[in-house]
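Note sheet for the following structure.
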There are 4 protein chains.
Amino acid sequence: VKVGAVSLNHRDKMVIDSGRGLTLDFPFTPGTDLAGRIVAMGDDAERFAVGDRVISCFTPEWIDGARAGTARTPAYRTLGGYFAGVLAEYVVLPEDWLVTAPAALDDARASTLPCAALTAWFALVERGGVRAGDTVLIRGTGGVALFGLQFAKLHGARVLVSCSPEKIDRVLALGADHAMDRHRTGWLEALYALTDDRGADHILETVGGTFLGQSVQAAAIGGRIYQIGALDGFDLSSPAMPLMMKDVTIQGIGTGHRRALEDLVRAVARTGMTPVIDSRFAFADLSDALDRLDAGPFGKIVIDTCDITLPPT
Amino acid sequence: VKVGAVSLNHRDKMVIDSGRGLTLDFPFTPGTDLAGRIVAMGDDAERFAVGDRVISCFTPEWIDGARAGTARTPAYRTLGGYFAGVLAEYVVLPEDWLVTAPAALDDARASTLPCAALTAWFALVERGGVRAGDTVLIRGTGGVALFGLQFAKLHGARVLVSCSPEKIDRVLALGADHAMDRHRTGWLEALYALTDDRGADHILETVGGTFLGQSVQAAAIGGRIYQIGALDGFDLSSPAMPLMMKDVTIQGIGTGHRRALEDLVRAVARTGMTPVIDSRFAFADLSDALDRLDAGPFGKIVIDTCDITLPPT
Amino acid sequence: VKVGAVSLNHRDKMVIDSGRGLTLDFPFTPGTDLAGRIVAMGDDAERFAVGDRVISCFTPEWIDGARAGTARTPAYRTLGGYFAGVLAEYVVLPEDWLVTAPAALDDARASTLPCAALTAWFALVERGGVRAGDTVLIRGTGGVALFGLQFAKLHGARVLVSCSPEKIDRVLALGADHAMDRHRTGWLEALYALTDDRGADHILETVGGTFLGQSVQAAAIGGRIYQIGALDGFDLSSPAMPLMMKDVTIQGIGTGHRRALEDLVRAVARTGMTPVIDSRFAFADLSDALDRLDAGPFGKIVIDTCDITLPPT
Amino acid sequence: VKVGAVSLNHRDKMVIDSGRGLTLDFPFTPGTDLAGRIVAMGDDAERFAVGDRVISCFTPEWIDGARAGTARTPAYRTLGGYFAGVLAEYVVLPEDWLVTAPAALDDARASTLPCAALTAWFALVERGGVRAGDTVLIRGTGGVALFGLQFAKLHGARVLVSCSPEKIDRVLALGADHAMDRHRTGWLEALYALTDDRGADHILETVGGTFLGQSVQAAAIGGRIYQIGALDGFDLSSPAMPLMMKDVTIQGIGTGHRRALEDLVRAVARTGMTPVIDSRFAFADLSDALDRLDAGPFGKIVIDTCDITLPPT
């Protein structure tokens, strides 16, 4: 695969900075989310043809159904970690690890789908079955958050976003029904008021930590919380009573499988949804791109791995 | 309804001791779980006939589907709390609040079903869909725990119980496949070893608090944890990573609806399952019965509210 | 309830023409779907206030979860049949049989929701979980069909409609992605071609009879067919092999429950969806309205039961 | 794999007699269901070790989740058809096409699992979620039917069997709660009577044709019918109204995926369930074995492919 673009995730920065506890072989190539074009194929390959535009699978062995691993040792066999990464001009991958890219998206936009978009889709759509009229609470404006906003709106849901005050205008422009300043006290009361005390049917918990307890307070009867991120640390806490009295479910999410990525690509293709890119960097400016990750981007950060990004066909 | 027997729950003790935060009208009658016989009916009643043996519904307005309440104020309208209780010789109840008792169980045994049995059934069967070959982890030997053990075995599952060492023999006699001393370190390793590292597919979390985090460690890929009890306090905590990497679900459980109680009664009736009673007390010895609740009973505690418990028909 | 508008269904015509096998008490009032305003309430009523705008429930005792009835005798206790109907200026109903009307819809539009809209919603959303990128096949342009089209689009799905050629333009204007002339042979090939052989993920089978077999041919792997109508007779037929080899589900649908109607109202309210009305008739012209039902209307037929339809609040 | 035993299905006879519409390369080896022992492995194989006892997967590429194929051309890539079969002393298979055999079953018994047992499990457990207290209706005493009986009983369900009168005793001995003579009129009334008019919650429709309509009559509110067999021809028919009024689902079943076969093996291993073998034949007597298939066996027919069936380890 000739790589056209690679989008970055916080995880990439952790791997580059510290290895993130993984056993890495050096020289090591980071990066998990590519979009590019197939330039050569093995003799047995039959899923694609030379010239096809493709994106990668973040957890490439997880095709459908249950994921691999055990209670003791969850499988965390991803690209750019257990497997070699994709921040390169050319990569060689088994054909099962690739999915056809949406024709209408250029490589930069298509490269945003394998991790952040799939995570939001897997939570809200595959696990949660979000539907028209539901209320969805989103925290922040990172990659998963903005895809969650867009996927919820695709399904006719009402979206409330809790974010920094300077981003409220952009969140509303992207289709959110309401945006709340996350620094203000009283956002829970505001959410109750906006929903006539019903609460949120779906919550993308991209922060975690003690915020999980707030999410349980915010959840509707029968509400679903998707535990996705750990920006507030790796220890979750929550009051027990509202979880039990409100029939609330907390669902752990760690990206998703290839079949869901194919479903997502079909949804993007048919609805014309456009991923939000915060900024693009040349390959040589990777270091700046990683710094930008820490600054709280609005959407995804993309590395252009070749001079000319292929235009949409 | 002429009450034949009333089984006790920890909640009854909390209500009697402190009111449990509820607004109670005095004189107040505690108690939620009755078995008895209909002795008179209103003119419009049509679900039962005089002479029918019945049990009560713990959350009587919750018939099927979603429960009532809001995000701000979960509905906790139960007998022996929001509504008057059933620790009485005769009670008057709307017919919708009653379910036919299993014919093969006497009143003492039938009275154990409305809260503890329904909670275990709602978690493992209604929400969890436990099935043959699954591994179920149970904590302790209280009412919910032992019903969980019995319902899991009814469905062909394998049951591991973590309990006090002096109760291991009785747990095994009741059908558990393995029992582990809960005071010993290394029970998690023991569970991994017993399951070839697969872990537990279903966990009845009747303790909560920091034990929830242990349950997340013990859960299989795709495993389900039912958060039911708060014996370790009302604040839950858990590590985030295994929840996310193992696709684990935490489901809050607060008893269940009438339709599930009817399903449960049918299952008990057809399989001949017998609830476990720890001890029975005369009405006059209620105080001793409440003390017994604190001592860690093995199964349910029942108050015989009339001299002669009705035999099975 | 002061009735503002009543929408008609084919069933109303059958009941008026022949009784439809029901035991009716005369004088009998037909009609099931009302929108109106509460003008007086019983002392115990608490779900609404005088002045609230409401719609009726078609199967009013079905609140949530499983429906009533037995294998031998399905419950068919609907308004305008087992219960008295609503084609009247004023009706008295238990408060449990009503749902708040969407504020943005006038009575004529709101009256279309209780049967046709709920049936389409219950199939596609409650039972089927339609989602963005799915392909939905709709037959015809009756009330259920057009609501199916609209609800599918609300959720980001792609909609193919098979209808009379003179209605193709209106169907496309309503948002359908493709419309096919139902009289032409080769529509199945056309559907295969439009979907790259994937087929339809959801099919609203509003015709039945031998058309069910066509739907099975058209269904995708894992596809869902909702058997709703019997315009081609009360005997269904289908080939067995594609049903089995494609993991297809046929789901019988007979309207839905009140909780789903409440969800639907919330979705309509939040998305601004507008029901399609074919034509409106004065109360005195009921006979013309029933004739119009047979002529193949495009959307719903509504009777204005009072001179002045209440404006949206 | 050194093959120890191969169990036969009706499909094998159809393939041998007529090719069943498949394009076969000659010399062709029939047979799909083997149990045997791994005697050699490729260098890259890692799922098993030499000496492991294994069984085959009927539709070997279907690992989990959705099956392959399109609306136009369902995938029917099975062993002993699209792929070469297993009626041989030794076969070479990709390791992904095998599952560990239950240790407690000899090869003859283990060989019965890949098609018949998996089909019954996939219907009742994977798709249907059968549970204690449910009523299950089984037709006949073939391989799928008897596994259905056994799996239903494993989950605490009540089982009614409709079969030839001379087999009633054996069906009851195997655990059925009731057996009905399928030739007698009035079996539907009998079923209503046995279930207090509730009907059957799950129906294994192994006959099809016009029997599907009877199954719809027999189904409970919300009941599930699994369309599995076509002994009464490849055209299904049913009345529409009870399907719609009773919220009944008809689910097409064509065996199942490998993950479900692994679940099934775990259930068999933990519960000690023993498959029912009608008769065993030496490899040289294959012709007699195929004749026996037509005679209406009670359970599975097995070919011993080597002199000595390996004992359980």
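The values are calculated or read from the model by the stated rules, or taken from the named source; none is laboratory data. Given the structure is predicted, the values throughout are model-derived calculations rather than measurements. Glycine gets a Cβ as well: all are built from the backbone with ideal geometry, and neighbour counts include every protein chain shown.
Every listed requirement among (1) within 14 Å of chain D (Cβ to nearest Cβ); (2) of a type in the set (D, E, K, R); (3) under 19 Å from B:A295 (Cβ atoms) is met by B:E166 save one, (1). Of the residues making up segment B:273-297, those that are part of a loop (DSSP other than H, G, I, E, B) and modelled with pLDDT of 95 or more are B:M273, B:T274, B:P275, B:V276. Mind checking whether some residue in segment D:39-46 is more than 14 Å from chain A (Cβ to nearest Cβ), in contact with a Lys or Arg (Cβ under 8 Å, 6 or more places away or on another chain) and surrounded by fewer than 17 Cβ atoms within 10 Å (Cβ to Cβ)? So far as segment D:39-46 goes, yes, one or more of its residues are more than 14 Å from chain A (Cβ to nearest Cβ), in contact with a Lys or Arg (Cβ under 8 Å, 6 or more places away or on another chain) and surrounded by fewer than 17 Cβ atoms within 10 Å (Cβ to Cβ).
Tell me the residue from D:G209, D:G256 that is in contact (Cβ under 8 Å) with a residue 24 or more places away in the chain and surrounded by 24 or more Cβ atoms within 10 Å (Cβ to Cβ), please.
Only one candidate passes the filter, namely D:G256.
Residues checked against (1) under 30 Å from C:R170 (Cβ atoms); (2) buried (at least 17 other Cβ atoms within 10 Å of the Cβ):
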| residue | (1), (2) |
| --- | --- |
| C:T249 | no, yes |
| C:T274 | yes, no |
| C:F281 | yes, yes |
| C:D285 | yes, no |
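Residues in segment D:124-140 that are of a type outside the set (G, A, S) and under 20 Å from D:G213 (Cα atoms): D:L124, D:T135, D:V136, D:L137, D:I138, D:R139.
Can you confirm whether D:G65 is more than 29 Å from A:A260 (Cα to Cα) and in contact (Cβ under 8 Å) with a residue 24 or more places away in the chain?
Against the criterion (more than 29 Å from A:A260 (Cα to Cα) and in contact (Cβ under 8 Å) with a residue 24 or more places away in the chain), D:G65 does not qualify.
A:D197 meets each of the listed conditions (1) more than 7 Å from every other protein chain (Cβ to nearest Cβ); (2) of a type in the set (D, E, K, R); (3) not in a strand (DSSP E or B) apart from (1).
Under the condition of being of a type in the set (V, I, T) and not in a helix (DSSP H, G or I), which residue from segment B:232-272 is farthest from the other protein chains (Cβ to nearest Cβ)?
Restricting to residues being of a type in the set (V, I, T) and not in a helix (DSSP H, G or I), the top hit is B:T255.
When segment C:60-102 is filtered for residues that are of a type in the set (A, V, I, L, M) and either in a helix (DSSP H, G or I) or under 15 Å from C:L34 (Cα atoms) (or both), the ones remaining, listed by number, are C:L79, C:A84, C:V86, C:L87, C:A88, C:V91, C:V92, C:L93, C:L98, C:V99, C:A101. Candidates C:F211, C:F151: the one that is out of contact with any Gly (no Cβ under 7 Å at 6 or more places or on another chain) and within 14 Å of chain D (Cβ to nearest Cβ) is C:F211. Comparison of A:A84, A:A71 shows that the only residue that is of a type in the set (G, A, S), within 14 Å of chain B (Cβ to nearest Cβ), under 30 Å from A:G233 (Cα atoms) and more than 18 Å from the chain's Cα centre (by Cα) is A:A71.
Annotation: D:E262 fulfils all but one of (1) in contact (Cβ under 8 Å) with a residue 60 or more places away in the chain; (2) surrounded by fewer than 20 Cβ atoms within 10 Å (Cβ to Cβ); (3) more than 20 Å from the chain's Cα centre (by Cα); the unmet one is (3). Checked across segment B:181-193, the condition of being under 19 Å from the mean Cα position of the chain (by Cα), among the aliphatic types (A, V, I, L, M), under 21 Å from A:P74 (Cβ atoms) and at pLDDT 95 or above holds for no residue. Considering C:T32, C:T73, the condition of being β-branched (V, I, T) and in contact with a helix residue (DSSP H, G or I) (Cβ under 9 Å, 6 or more places away or on another chain) is satisfied by C:T32 alone.
Determine if segment C:146-168 includes at least one residue that is surrounded by fewer than 20 Cβ atoms within 10 Å (Cβ to Cβ) and touching a His at 6+ places or on another chain (Cβ under 8 Å). There is at least one residue in segment C:146-168 that is surrounded by fewer than 20 Cβ atoms within 10 Å (Cβ to Cβ) and touching a His at 6+ places or on another chain (Cβ under 8 Å). Would it be correct to say that B:V125 is more than 16 Å from B:G175 (Cα to Cα), crowded, with 24+ Cβ neighbours inside 10 Å and either away from every other protein chain (no Cβ under 12 Å) or out of contact with any Gly (no Cβ under 7 Å at 6 or more places or on another chain) (or both)? The answer is yes for B:V125. For A:Q217, state whether it is among the polar types (S, T, N, Q), facing chain B (nearest Cβ under 10 Å), in contact (Cβ under 8 Å) with a residue 24 or more places away in the chain and in a helix (DSSP H, G or I). Criteria met by A:Q217. As for segment B:10-26, it holds no residue that is closer than 19 Å to B:V99 by Cβ and at pLDDT 90 or above. Could you tell me whether any residue of segment C:225-236 is crowded, with 20+ Cβ neighbours inside 10 Å, touching a strand residue (DSSP E or B) at 6+ places or on another chain (Cβ under 7 Å) and over 30 Å from A:L154 (Cα atoms)? Checking segment C:225-236: at least one residue is crowded, with 20+ Cβ neighbours inside 10 Å, touching a strand residue (DSSP E or B) at 6+ places or on another chain (Cβ under 7 Å) and over 30 Å from A:L154 (Cα atoms).
Can you report the number of residues in segment D:248-303 which are among the basic types (K, R) and assigned by TED's automatic domain parsing to the domain that holds D:G65?
Adding up the residues that qualify gives 3.
Looking only at segment B:103-120, residues that are surrounded by fewer than 24 Cβ atoms within 10 Å (Cβ to Cβ) and outside any loop (DSSP other than H, G, I, E, B) come to 1 in all. Scanning segment A:93-134 for residues that are without any contact (Cβ under 8 Å) to a residue 60 or more places away in the chain and among the aliphatic types (A, V, I, L, M) yields a count of 1. The residues listed here are B:A152, B:A145, B:A123; of these, the one that is more than 23 Å from A:Q251 (Cα to Cα), touching a strand residue (DSSP E or B) at 6+ places or on another chain (Cβ under 8 Å) and either assigned by TED's automatic domain parsing to the domain that holds B:Y226 or part of a helix (DSSP H, G or I) (or both) is B:A145.
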